[in-house]
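K.L.:
Below you'll find the structure I mean.
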Amino acid sequence: MRVSVRKQPSWLQALLILPGVAALVVTFVFPLLWLARTSLQPTTGHTLSLHAYVRLFEDSFYWWVIGRTIFIGLLCVVITVPLAFPVALFLARSQSGWRGTLTALAIAPLLTSTVIRTYGWMVILGRHGLINTTLVWAGILAQPTRLDNGPFATVVALVEILLPYGIISILSHLSRLDAELEQAASLLGARRLQVFWHVLLPLSVPGLMTASLLVFVLAISSLVTPQLMGGGRVFVLATEIFNQTTISLDWPFAGALSITLLAFFGIFVALYQRILQRVESQS
């Protein structure tokens, strides 16, 4: 029996999406335009000025801040995604009745505040924390040293904080893959390593790309973790924006830094789309 589906009129479809579009305009577009206007606010007079952007790109210190921001973001991706992939693969392929519980445990850290988790790493990496105590006990260090103030501590804490996001991104993609493709490769004589390298890994690339983009964006926009774990020695775009708005009260320059950070978001999202399209066309 053939069932006919009644098509909704176009005006009704537009009416249904109107509240969402309105909310997006009010909460995102208007603040973004206000931010762009603020970054062009002149120091004197009433004419819009690029003074904040000129100051940003003429000062070598801020080039160094931009470079460090990108480096920390890429380093978090390089560490987080390889750690998240085996966990996501295990959860996706698990036939155990505990699968739901294990998945909940993997993403349970997201239920805890980032501030609390960062403070936990401050205790673990502190002079009298677990890491120092273990290293001194093992004879690797003669006396405790501070590990909780600097780029190393910042990256360690960010990796732990962002790991659940990587697991979720990869797991959602792996769960949609057809496991029969791997079984077919095995039946044709491929070894487990060959199945992984030639079948599973290429099919997992979109999920890995999504996880990489998500981790990178969250890492370069993080404020609390670099502020607390850096000990005032880790300067990234987010901390500089915070300092300009709360200490220097230089709103135009803070706006220029924010627009620059958003520009990096857009660049890396465009690169992600380009790479993903190329991968999908080759597959």
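The values are calculated or read from the model by the stated rules, or taken from the named source; none is laboratory data. What you see is a predicted model, and the numbers here were worked out from it, not measured in a lab. Ideal geometry is used to build each Cβ from the backbone, glycine not excepted, and the neighbour counts take in all protein chains shown.
Rundown of residues vs (1) among the hydrophobic types (A, V, I, L, M, F, W, C); (2) in contact (Cβ under 8 Å) with a residue 12 or more places away in the chain, yes/no style:
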| site | (1), (2) |
| --- | --- |
| 81 | yes, yes |
| 87 | yes, yes |
| 99 | no, no |
| 105 | yes, no |
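K.L.:
Another question, then. Answer yes or no: is there a residue in segment 144-165 that is without any contact (Cβ under 8 Å) to a residue 40 or more places away in the chain, among the basic types (Lys, Arg) and exposed (fewer than 13 other Cβ atoms within 10 Å of the Cβ).
P.N.:
no
K.L.:
Among 27, 38, 80, 69, which is surrounded by 11 or more Cβ atoms within 10 Å (Cβ to Cβ), at pLDDT below 90 and either among the β-branched types (Val, Ile, Thr) or more than 30 Å from residue 168 (Cα to Cα) (or both)?
P.N.:
38
K.L.:
Restricting to segment 255-271, and then to whatever is in contact (Cβ under 8 Å) with a residue 12 or more places away in the chain and more than 18 Å from residue 39 (Cα to Cα), can you tell me which residue is surrounded by the fewest Cβ atoms within 10 Å (Cβ to Cβ)?
P.N.:
Per the criteria, the residue is 269.
K.L.:
So which of 207, 230 is surrounded by fewer than 21 Cβ atoms within 10 Å (Cβ to Cβ) and either in contact with a helix residue (DSSP H, G or I) (Cβ under 6 Å, 6 or more places away or on another chain) or within 16 Å of residue 38 (Cβ to Cβ) (or both)?
P.N.:
Matching residue, one of 207, 230: 230.
K.L.:
Which one of the conditions (1) in contact (Cβ under 8 Å) with a residue 40 or more places away in the chain; (2) not assigned by TED's automatic domain parsing to the domain that holds residue 211 does residue 47 fail to meet, given that it meets all the rest?
P.N.:
(1)
K.L.:
Please verify whether residue 199 is assigned by TED's automatic domain parsing to the domain that holds residue 108 and in contact with an Asp or Glu (Cβ under 6 Å, 6 or more places away or on another chain), treating the condition exactly as stated.
P.N.:
Values: assigned by TED's automatic domain parsing to the domain that holds residue 108: yes; in contact with an Asp or Glu (Cβ under 6 Å, 6 or more places away or on another chain): yes.
The answer is yes for residue 199.
K.L.:
Considering each of 130, 141, 135, 91 in turn, give the residue that is touching a residue at least 12 places away in the same chain (Cβ under 8 Å) and either surrounded by 11 or more Cβ atoms within 10 Å (Cβ to Cβ) or outside the structural domain of residue 261 (by TED's automatic domain parsing) (or both).
P.N.:
Just a single option satisfies the conditions, and that option is 91.
K.L.:
Of the conditions (1) at pLDDT below 85; (2) out of contact with any Asp or Glu (no Cβ under 8 Å at 6 or more places or on another chain), residue 110 clears all except one; give me its number.
P.N.:
Single failed check for residue 110: (1).
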